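Participant: For reference, the structure I am asking about is given below.
The values are calculated or read from the model by the stated rules, or taken from the named source; none is laboratory data. Here the structure is a predicted model, which means the values were calculated and not measured. Note: ideal-geometry Cβ built from the backbone for every residue, glycine included; neighbour counts use all protein chains shown. Please note that ligands, DNA and RNA were not included when accessible areas were found on the heavy atoms of the full protein model with its side chains. Shrake-Rupley method; radii C 1.70, N 1.55, O 1.52, S 1.80 Å.
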Amino acid sequence: MNKSQIPDHSPQKNSGDRNLKAPIKDFEPKIVGFLCNWCSYAGADLAGTSRIKYPPNIRVIRVPCSGRVNPLFVLNCLMNGVDGVLVSGCHIGDCHYSEGNFYARRRFAILKRLLEYIGIDPRRFQMAWVSAAEGERWAKLVGELVEEIKEAGPNEHFGGNR
Amino acid sequence: MKIGVFTCHCGTNIAATVDVEKVAQAAAEFPGVTFSTAYNYMCSDPGQNIVKKAIKEHALDRVVIASCSPSLHEKTFRKCVEDAGINPYLVEMANIREHCSWVHPEGEQTTAKAIELVRIAVAKVSRDRPLEMTYTPIEKKVLIIGGGIAGIQSAIDIAFANYPAVIVEREPSIGGRMASFDKTFPTLDCAACILTPKMVTVSQSEHVTIHTYSEIEEVTGYVGNFTVKIRKKPRSVDINKCTGCGVCYGKCPVRVPSEFDQGLGKRPAIYIPFPQAVPNVPVIDRESCLWFTEQKCGICQKVCPFGAIDYDMEDEIIEEKFGAIIVATGFQQFDYSVYGEYGYGKFKNVITGLHFERMVNSSGPTGGKIIKPSDGKEAREVVFIQCIGSRDEQKGVPYCSRLCCMYTAKHALLLREHNPDAQAYVFYIDIRAAGKNYEEFVKKVQDEYGAIYLRGRVSRIFEKGDKLIVRGADTLSGAQIEIEADLVVMATGLVAMPDAVSLAQMLHIPYDQNNLFTEAHPKLAPVETITSGIFLTGACQAPKDIPDAVATASAASVKALGLMVQDKLAREPLIARVIPELCSGCRACIEACPFSAIETEEIEDLRLRRKRTVVKVIEGVCTGCGICTTACRMSAIDLEGFSNRQIMEELAVL
Amino acid sequence: MKYAYYPGCSLHSTAKEYDLSTREVANALGIELIEIPDWVCCGATPAHISMHLLSLALPVKNLLLARRIGSYDIATCCAACFSRLKIANKFMRDNPRHRAKVNKILGEEYQGEIKVRHFIDILINDFGMKNLAPRITKPLEGLKVACYYGCLLTRPSDITCLDDLEEPHLMDDLMRVIGAQPVNWPYKVECCGASFSLTKTEIVLKLSNDILQMACDQGAEAIVVACPLCQSNLDLRQPKINKKFKANFKIPIFYFTQLIGLSLGIEPKKLGLKKHIVNPLPLLKEKGLLG
């Protein structure tokens, strides 16, 4: 796997207290986004057709609905050293399947608390609602997310990158 | 496993920022990939031929296309690989255009991301399963909810194609709003003259069944197989015995305000709403009938020569199956009594457009005379106020109701025709007369019929003696206007029916913030809903005039007929699937499913040697959202096309 | 029942009788009004047309002074004071930018938490019509009044939250309780011309004339108001209106508190009934309401 993208950050690797960590200069985080097919994936498509630029750190996994995203997927990502995870669905009330994002909202509110409880920086897991018309919002969201994860530093909670 | 990867340049759309050749080379090294190439336009005929040829020559069994968004060309490439003999669900797309080349600058990082996206797609395709389309039978009958002009037109179109249609109408007669109109703009033909023949056609058609005085009780099922419960309210008159002779309502001693005449006239307790009613069978209004309120009278039963009166009739619920549903439930008038400046609806001489329609109708309660309801004297100075409720974000609805400009112009014209001494004043915000011969019509009313158009709002109406003082602004001259009017006519906007939301929930169709039903696409699918098999027509979707209502009615009929003519209905196989061996029968997925697409079944557990309850997906109902998969603690229910194994494989190669 | 009382400038000068009658009525009903010590002008119209910040800081200053004497609701009678205090409160609650500025100027933290009440509101909702009715010893039977609310008492309705915007009725309700007969008339919330009284008097003459005319047309013998400026325009300008429009109005303009006071049996002198331009005593005598 191309770890070449992630510059060497060995000085931080063994520093136990993550609060002491200063943001690393050339750190390019790896972020996974679970996007619902009807709103957020289409919103990201619109950002493309509108040629709105945003950082290339995000990898999109297409799912039919944010309600399809199993919390285990998120945990799996974080355990495998992904630096940040985003789940994005339709705006509340706009779900293509009418209720899916309600499930997602509740489920991931709990997951977020669990992650915090086990000591994972809450910035590493985020939720968003992006509609098919919000290409600009999608680009802005990714930009902000990348900045936040950069500040949070590399994810080494589960022994670093794999 | 032999995976082929086909990377697209898309002209310069991808190639300008992504090193496509490098992507193709990198992909060749991924596990399972035995062939990788790049081409200028993969979706073009030569591009597709490259895919087909490679499948044959290299015996590929799975394909990844690295190009644009799957929303554009997933179908194209499914068809393409199917032509080459591969199951169409063994193809995945890597979106290296919308999600990569178009949003990132040229450079190594962008190419690296494209390579990763292909890697993810290859991982996913390696876990794809061959799937087959499923087919469900279609019930060849269409339900039409609402018997106004839109519902009637739909029924006529469907009957013309020799398919059965059933109209369910809440009121005692079909005809809807149009039946109470006098003339229609811009041609001024009489509404009854053009509507009645259609009502007769539909009632005489062997293919159309009409349930009047009936409501929809419950809708279950899915496209091709809807099961609908219809509540037939008790008419108290046997529709099969009654001949419509009219003796009963001639003798009824009760008089209550007539709904059809907007309360301007009276009707008996046993009545037909209007003379041309279909069916021409009276109904007893049990709230005002003396038999039901005071247990006396009973005259209608005594005088009926056919013994058709049945006081003991009860609600009847019938259940029918339909293949498609057309929703034509129409609109209600905006209730202008929210406006304190217009007297909170308390002034007798302030009326709505529908009142005016009845008044100006020569067979209406005033015999075509335009009067002041307070004292019955003829009205000479008449003020029309447009945009009542429409375009008012504070107290009304934000949208334009589209037809009030036109019907007000028509009223102003009819006023002068019925009383040459009368003067019409029209307060308007803008004149929106966008329709064939509409602008010309308004111009004619202004020029030839002397209606005075004032651009501005009315700030206050109050009673002074037997006159109404209408105070407003004429923004074009900048003057304040005060008119001593005999009658004020409110051009009330069109809003959703009060029970629109509950019907929408019953049908599983979305509605907007104004409770109007939402079409599947505002431009390209204006009569469809996102629930397949349910179509919209008329003003339940947005305010529409008669031509628009009729046009959408025919459009909805064509869509419904498109289903009717098919032998069976093909359905995408990307739906949930249960592994019964893993299922514990906890039913958490049944709770979670928004579509009631999961049910229980008993299976013979061979290992336990006893019967056991597990769940099962109803194929025709499942929409493939995958919400159930997350609810399942056992991972016993999975989603084809987005299975746990597929997603985990994608995550594993990140 | 205790309130921090904010009379405002008018009630200490041109509308002295409003202040007198309010205190008398409150006293008779056992409503304690504690005048806010060292209160200042609410800014009225001049402040908000010259400087927005000033128009917020002045009322907030008074609210802060009120807070020092205890946590009471504010009682006020003047429609303009009521409006300015309420508007300031809304800005302090909803607008952090303005809140920060005003707090800095006044050197105290305030978030718009003090409730501002009109005396009508207190009578109807705190004291209660049911409790008022048995206290009426001299019902004003046969007196036909037009209740005139003016501009500021009900508008803007989302800030004042007092009465129906277009068809207010609270004063009418009070008049009914004290035995008077409110007439139904359409000019309840018309404008009297307000502060044009001094700068463009002819506007006030025209508008006030319309109001007086409409009240007479509907059979009113007197007009009841709750705003010092309305009272002054309708009362003070009557001779000029009569001259300009060749009319013959002699219609007394009462504060609602004066009539309530009368019905409670309070002496007319104590209610400042002699301070009016159009002498109301002949009418009251004629109706037999003075003995």
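Participant: Counting only residues that are within 7 Å of chain A (Cβ to nearest Cβ) and either within 16 Å of residue B:65 (Cα to Cα) or open to solvent by less than 10 Å² (accessible area, probe 1.4 Å) (or both), how many does segment B:102-116 have?
Facilitator: Of the residues in that region, 5 qualify.
Participant: Let me ask something additional. Pairs only if they're at least six apart or on different chains, beta carbon under 6 angstrom, first in segment B:253-266 and closer than 17 Å to residue B:349 by Cα and part of a loop (DSSP other than H, G, I, E, B), second among the hydroxyl-bearing types (Ser, Thr, Tyr) and open to solvent by less than 50 Å² (accessible area, probe 1.4 Å); list them, first residue then second.
Facilitator: B:265/B:258
Participant: Moving on. Hey, can you tell me all the residues within segment B:118-138 that are buried (at least 20 other Cβ atoms within 10 Å of the Cβ) and either in a loop (DSSP other than H, G, I, E, B) or facing chain A (nearest Cβ under 7 Å) (or both)?
Facilitator: B:120, B:126, B:128, B:138
Participant: Go through (1) open to solvent by less than 40 Å² (accessible area, probe 1.4 Å); (2) within 21 Å of residue A:68 (Cβ to Cβ) and name the single condition residue B:634 misses.
Facilitator: (1)
Participant: Closer than 27 Å to residue C:49 by Cα and not hydroxyl-bearing (Ser, Thr, Tyr) - does that describe any residue in segment C:211-219?
Facilitator: Scanning segment C:211-219 turns up at least one residue that is closer than 27 Å to residue C:49 by Cα and not hydroxyl-bearing (Ser, Thr, Tyr).
Participant: Testing residue B:568 on (1) in contact with a Pro (Cβ under 8 Å, 6 or more places away or on another chain); (2) closer than 29 Å to residue A:93 by Cβ, one condition comes back false. Which one is that?
Facilitator: (2)
Participant: Counting only residues that are more than 17 Å from residue B:353 (Cβ to Cβ) and either part of a helix (DSSP H, G or I) or not aliphatic (A, V, I, L, M) (or both), how many does segment B:404-441 have?
Facilitator: Counting residues in segment B:404-441 that are more than 17 Å from residue B:353 (Cβ to Cβ) and either part of a helix (DSSP H, G or I) or not aliphatic (A, V, I, L, M) (or both) gives 10.
Participant: Please verify whether segment B:168-178 includes one or more residues that are more than 19 Å from the chain's Cα centre (by Cα), modelled with pLDDT of 95 or more and either open to solvent by 20 Å² or more (accessible area, probe 1.4 Å) or of a type in the set (S, T, N, Q) (or both).
Facilitator: yes
Participant: Test residue C:149 against the stated conditions and say whether it is under 30 Å from residue C:259 (Cα atoms) and touching a Phe, Trp or Tyr at 6+ places or on another chain (Cβ under 7 Å).
Facilitator: Criteria not met by residue C:149.
Participant: In segment A:38-68, what residues are facing chain B (nearest Cβ under 8 Å), assigned to a loop (DSSP other than H, G, I, E, B) and either without any contact (Cβ under 8 Å) to a residue 40 or more places away in the chain or out of contact with any Gly (no Cβ under 7 Å at 6 or more places or on another chain) (or both)?
Facilitator: A:51, A:53, A:56, A:64, A:65
Participant: Go through segment B:279-289 and give me each residue that's in contact with a helix residue (DSSP H, G or I) (Cβ under 9 Å, 6 or more places away or on another chain) and either in the same structural domain as residue B:367 (by TED's automatic domain parsing) or open to solvent by less than 20 Å² (accessible area, probe 1.4 Å) (or both).
Facilitator: B:282, B:284, B:289
Participant: To continue, here is another question. State all residues of segment B:603-629 that are within 11 Å of chain A (Cβ to nearest Cβ) and open to solvent by 20 Å² or more (accessible area, probe 1.4 Å); if no residue qualifies, say none.
Facilitator: Once the filter is applied, which keeps residues that are within 11 Å of chain A (Cβ to nearest Cβ) and open to solvent by 20 Å² or more (accessible area, probe 1.4 Å), segment B:603-629 yields only B:623.
Participant: Just wondering, is there one or more residues in segment B:392-399 that are over 28 Å from residue B:362 (Cβ atoms), assigned to a strand (DSSP E or B) and either open to solvent by less than 20 Å² (accessible area, probe 1.4 Å) or touching a helix residue (DSSP H, G or I) at 6+ places or on another chain (Cβ under 9 Å) (or both)? So that I can check it myself, show each step before the final result.
Facilitator: If we filter segment B:392-399 for residues that are over 28 Å from residue B:362 (Cβ atoms), which is where we start, we get B:392-399.
From the residues that got through so far, the ones that are assigned to a strand (DSSP E or B) too are none.
Checked segment B:392-399: no residue is over 28 Å from residue B:362 (Cβ atoms), assigned to a strand (DSSP E or B) and either open to solvent by less than 20 Å² (accessible area, probe 1.4 Å) or touching a helix residue (DSSP H, G or I) at 6+ places or on another chain (Cβ under 9 Å) (or both).
Participant: Please verify whether residue B:368 is open to solvent by less than 30 Å² (accessible area, probe 1.4 Å), assigned by TED's automatic domain parsing to the domain that holds residue B:455, part of a loop (DSSP other than H, G, I, E, B) and farther than 22 Å from residue B:423 by Cβ, treating the condition exactly as stated.
Facilitator: Criteria not met by residue B:368.
Participant: Residues of segment B:440-465 being within 14 Å of another protein chain (Cβ to nearest Cβ) and open to solvent by less than 10 Å² (accessible area, probe 1.4 Å), which ones?
Facilitator: Across segment B:440-465, the qualifying residues are B:458, B:461, B:462.
Participant: With out of contact with any Lys or Arg (no Cβ under 7 Å at 6 or more places or on another chain), in the same structural domain as residue B:122 (by TED's automatic domain parsing), crowded, with 16+ Cβ neighbours inside 10 Å and in contact (Cβ under 8 Å) with a residue 60 or more places away in the chain as the only criterion, which of B:7, B:37 stands out?
Facilitator: Residue meeting the stated conditions: B:7.
Participant: Would you confirm whether any residue within segment B:140-147 is among the basic types (Lys, Arg), more than 10 Å from chain A (Cβ to nearest Cβ), surrounded by fewer than 24 Cβ atoms within 10 Å (Cβ to Cβ) and within 30 Å of residue B:546 (Cβ to Cβ)?
Facilitator: Keep residues of segment B:140-147 that are among the basic types (Lys, Arg), which gives B:140-141.
Imposing the further condition that a residue be more than 10 Å from chain A (Cβ to nearest Cβ) reduces the set to B:140-141.
Still in the list and also surrounded by fewer than 24 Cβ atoms within 10 Å (Cβ to Cβ): B:140-141.
Those still in the list that are within 30 Å of residue B:546 (Cβ to Cβ) too: B:140-141.
Yes, segment B:140-147 contains at least one residue that is among the basic types (Lys, Arg), more than 10 Å from chain A (Cβ to nearest Cβ), surrounded by fewer than 24 Cβ atoms within 10 Å (Cβ to Cβ) and within 30 Å of residue B:546 (Cβ to Cβ).
Participant: I want to confirm something. Restricting to segment B:630-652 and keeping residues that are farther than 21 Å from residue B:92 by Cβ and assigned to a helix (DSSP H, G or I), which single residue is nearest to the other protein chains (Cβ to nearest Cβ)?
Facilitator: Only one residue tops the list, namely B:630.
Participant: Can you name the helices (runs of 4 or more DSSP H) wholly within segment A:69-160 that have at least 1 residues being under 21 Å from residue B:643 (Cβ atoms), among the β-branched types (Val, Ile, Thr) and within 13 Å of chain B (Cβ to nearest Cβ)?
Facilitator: So the answer is A:71-79.
Participant: Something else: Taking the condition of being in contact with a Gly (Cβ under 9 Å, 6 or more places away or on another chain) and part of a helix (DSSP H, G or I), how many residues in segment C:23-49 meet it? Lay out the reasoning, then the answer.
Facilitator: Residues of segment C:23-49 in contact with a Gly (Cβ under 9 Å, 6 or more places away or on another chain): C:24-25, C:28, C:34, C:39, C:41-42, C:44.
Of the ones still in play, those that are also part of a helix (DSSP H, G or I) are C:24-25, C:28, C:44.
Within segment C:23-49, residues that are in contact with a Gly (Cβ under 9 Å, 6 or more places away or on another chain) and part of a helix (DSSP H, G or I) number 4.
Participant: Can you work out which of the residues in segment B:505-519 that are under 9 Å from the mean Cα position of the chain (by Cα) and without any contact (Cβ under 8 Å) to a residue 24 or more places away in the chain is nearest to the other protein chains (Cβ to nearest Cβ)? I'd like the intermediate steps shown before the answer.
Facilitator: Quick first cut of segment B:505-519, residues under 9 Å from the mean Cα position of the chain (by Cα) only: B:509-511, B:516-519.
In the following step, the residues that additionally are without any contact (Cβ under 8 Å) to a residue 24 or more places away in the chain were identified as B:510-511, B:518-519.
On the way: B:510: 8, B:511: 11, B:518: 10, B:519: 14 Å.
Residue satisfying both the conditions and the ranking: B:510.
Participant: Right, here's the next one. Can you tell me which residue among B:579, B:575, B:546, B:534 is open to solvent by 40 Å² or more (accessible area, probe 1.4 Å) and closer than 19 Å to residue B:625 by Cβ?
Facilitator: Going through B:579, B:575, B:546, B:534 in turn, the sole match is B:579.
Participant: Moving to a separate point now. Please determine, by comparing only the residues of segment C:199-219 that are more than 14 Å from chain B (Cβ to nearest Cβ) and touching a helix residue (DSSP H, G or I) at 6+ places or on another chain (Cβ under 9 Å), which one is surrounded by the most Cβ atoms within 10 Å (Cβ to Cβ).
Facilitator: C:208
Participant: Going through segment C:7-51 one residue at a time, which ones are acidic (Asp, Glu) and at positive phi?
Facilitator: C:38
Participant: Outside any loop (DSSP other than H, G, I, E, B), closer than 23 Å to residue B:459 by Cα and modelled with pLDDT under 95, is that true of residue C:158? Before the answer, list the steps.
Facilitator: Values: outside any loop (DSSP other than H, G, I, E, B): yes; closer than 23 Å to residue B:459 by Cα: yes; modelled with pLDDT under 95: yes.
So residue C:158 passes the test.
Participant: If you take the residues of segment B:337-360 that are touching a residue at least 12 places away in the same chain (Cβ under 8 Å) and facing chain C (nearest Cβ under 10 Å), which of them is surrounded by the fewest Cβ atoms within 10 Å (Cβ to Cβ)?
Facilitator: Among them, the one singled out is B:341.
Participant: Search segment C:1-57 for residues being small (Gly, Ala, Ser) and touching an Asp or Glu at 6+ places or on another chain (Cβ under 8 Å), and hand back the single one that is nearest to residue C:87 (Cα to Cα). Can you show your working first?
Facilitator: Narrowing segment C:1-57 to residues small (Gly, Ala, Ser): C:4, C:8, C:10, C:13, C:15, C:21, C:26, C:28, C:30, C:43-44, C:47, C:50, C:55, C:57.
If we keep only those that are touching an Asp or Glu at 6+ places or on another chain (Cβ under 8 Å) as well, we get C:4, C:26.
Working: C:4: 18, C:26: 26 Å.
Checking each candidate, the answer is C:4.
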